[in-house]
Amino acid sequence: MELLTQLWGSMAITGKVVVLVLFALSIYSYAVMVDRFLALRTDRQRSGAFVEEIEGESDAGHILGAAREAVAEGRCSLGSVVAAGLDEYGSLRADDQPGAVVVEGVDEAVSRELDVAVINLRVRLSGMATISGVAPFLGLFGTVTGLIAAFRGIAETGSGGLATVSGGISEALVTTVIGLFVAIPALWAYNFFMNRIDVIAVELDNAATRVVNRAVRHALRASAA
């Protein structure tokens, strides 16, 4: 603790500002990590519960009601995608559209809602990507200002003793380390969550297509009979 106090005291105002900004970015980054981890886990659990609830069900009205209920409870991407597809089916059937048009319209509605669901899952991840790219440059900025301070000390004293340059050199090293400390976890977490969301998107697409197509085919057969 005493060493940290000495390092902080030896820093110029620019170095202190850089460190404070990096700490703020680090706090935001870790907050996003926790938020996305909980959001993805909750969404996956509720989507799984929704699939279990409608397993084997073919009635479009019952599936739509279950989907709307799941969406009302919050964080159920599968429910929102299925509801969008079946809502589109109801709208097209009310307009007395032919079966081919109905199927095409439902597929488009599912695709659009899936894109929206993926965007919602990626909320705030762009900020984490920005932090992973900006933090090293902020650390580099602190490095440059620290070296400038060290050379200024040499110029003012006319000597290059350790006491003259230690403050600037410590500032340069500390800001560099903190910049990497902020950037590396942010970059790892961004890649991890993006890969996780890609997997979830494929699972959503497969599950929603299966559920909606089953309900639509059943409804079309019933109406044609």
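The values are calculated or read from the model by the stated rules, or taken from the named source; none is laboratory data. Bear in mind that the values here come from a model prediction, so they are computed numbers and not experimental data. Note: ideal-geometry Cβ built from the backbone for every residue, glycine included; neighbour counts use all protein chains shown. Heads up: the accessible areas ignore ligands, DNA and RNA and are worked out on the full protein's heavy atoms, side chains in. Shrake-Rupley method; radii C 1.70, N 1.55, O 1.52, S 1.80 Å.
Summary table
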| item | result |
| --- | --- |
| Hits in the range 183-225 (condition: among the hydroxyl-bearing types (Ser, Thr, Tyr) and crowded, with 17+ Cβ neighbours inside 10 Å) | TYR190, THR209 |
| Test: residue in the range 151-160 that is among the basic types (Lys, Arg) and at pLDDT below 90 | yes |
| Residue in the range 83-106 that is part of a helix (DSSP H, G or I) and over 16 Å from VAL216 (Cα atoms) present | no |
| Exclusive hit being closer than 12 Å to VAL216 by Cα, open to solvent by less than 60 Å² (accessible area, probe 1.4 Å) and at pLDDT below 95, set ALA66, ALA60 | ALA60 |
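Here's the yes/no breakdown for (1) modelled with pLDDT of 90 or more; (2) more than 18 Å from VAL110 (Cα to Cα); (3) hydroxyl-bearing (Ser, Thr, Tyr); (4) open to solvent by 60 Å² or more (accessible area, probe 1.4 Å):
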{"residue": "ALA49", "(1), (2), (3), (4)": "yes, yes, no, no"}
{"residue": "ILE54", "(1), (2), (3), (4)": "no, no, no, no"}
{"residue": "GLY74", "(1), (2), (3), (4)": "no, yes, no, no"}
{"residue": "ALA84", "(1), (2), (3), (4)": "yes, no, no, no"}
